[in-house]
Amino acid sequence: MSSAMLGIRKGRSSIFWALLIAYGIVTIYPFFWLIISAFKTNEDFYNRPFGLPMNWQWENFTRAWESAKLGTAFMNSLIVSLGSLVVTLFIAALASFVLARFEFRRKGMIMAFFVVGMLIPIHSTLVPLFILLKQIKLLNTYWALILPYTAFALPTAIFVLSAYLMSIPKDIEEASFIDGTGVWGLFLKVILPMSLPALATVTILSFLHSWNDFSFALVFISKTSLKTLPLGIANFADGYQTDYGLTLAGMTISVIPTVIMYLIFQEQVMKGMTAGAVKG
């Protein structure tokens, strides 16, 4: 009986790992396919769509970078993404600290206000935002993207940070006050270092949203010198519809910063998940 039960457990474990491996392959393969396809010629792409390149065309990346002016678009995306990220983290950290660690009237209403912000469809605000930005003369500037990106990233950022900060024991806060630490000292020296996992999660989510955005940049930016990377790749694809090697090379370049951002903060994200599992 024990050997039968052991066999059943081994069978279940094998099925579990087989499903996990299959899921991993399905998840990773599109990224792998994008990279290998970026090194192909058009002929190689049509003849061997899922195979390795016959000849690795490294010049696809240099041609894509130069012909589509991806350098300028890359820098524009970096400016608006990092600018939005800094403003989002600053405001979200302060707001979450107050909402999570202090008691005051209308606290629940304010928190509900931010949560409702997560339910607003982004595309429904394009026309009102366009009119507003035109009236205050911010169209075709970096702020035309930084401000909307920050506004739509704040609800999620505050929700994530507040939930994490609420899990920090009050004893730590009281001990800091006994040691003579003020409110700002508590925030900068105690709360922020302890909330690094949540900050890392917010960083990844906010950066991905602003880096990959297409609709806001398309509507609010018309100057070629200010266009972001998604717009540059879109224009590049229109001009080279049959050259899939160049198009996919441009897409591969655009993916690199998001992968780097995740690799930098993945340890903190894993720590946050582990801490949440232990607390639960």
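Only one of W211, W184 is surrounded by 21 or more Cβ atoms within 10 Å (Cβ to Cβ), assigned to a helix (DSSP H, G or I) and either touching a helix residue (DSSP H, G or I) at 6+ places or on another chain (Cβ under 8 Å) or not charged (D, E, K, R) (or both); which? I'd like the intermediate steps shown before the answer.
Working: W184 fails: surrounded by 21 or more Cβ atoms within 10 Å (Cβ to Cβ).
It is W211.
Could you count how many residues in the stretch 38-82 are buried (at least 20 other Cβ atoms within 10 Å of the Cβ) and polar (S, T, N, Q)?
Number of matching residues: 4.
Exactly one of these conditions fails for I178: (1) free of Cβ contacts under 8 Å to residues at least 60 places away in the same chain; (2) closer than 25 Å to L139 by Cα. Give me its number.
Of everything listed in (1) free of Cβ contacts under 8 Å to residues at least 60 places away in the same chain; (2) closer than 25 Å to L139 by Cα, I178 misses just condition (2).
With the requirement that a residue be modelled with pLDDT of 90 or more and either of a type outside the set (A, V, I, L, M, F, W, C) or not in a helix (DSSP H, G or I) (or both), what does the stretch 187-208 give you?
T203, S206
The values are calculated or read from the model by the stated rules, or taken from the named source; none is laboratory data. Note that the structure is a prediction, hence the values are computed from the model and not measured. All Cβ positions, glycine included, derive from the backbone under ideal geometry; neighbour counts span all protein chains shown.
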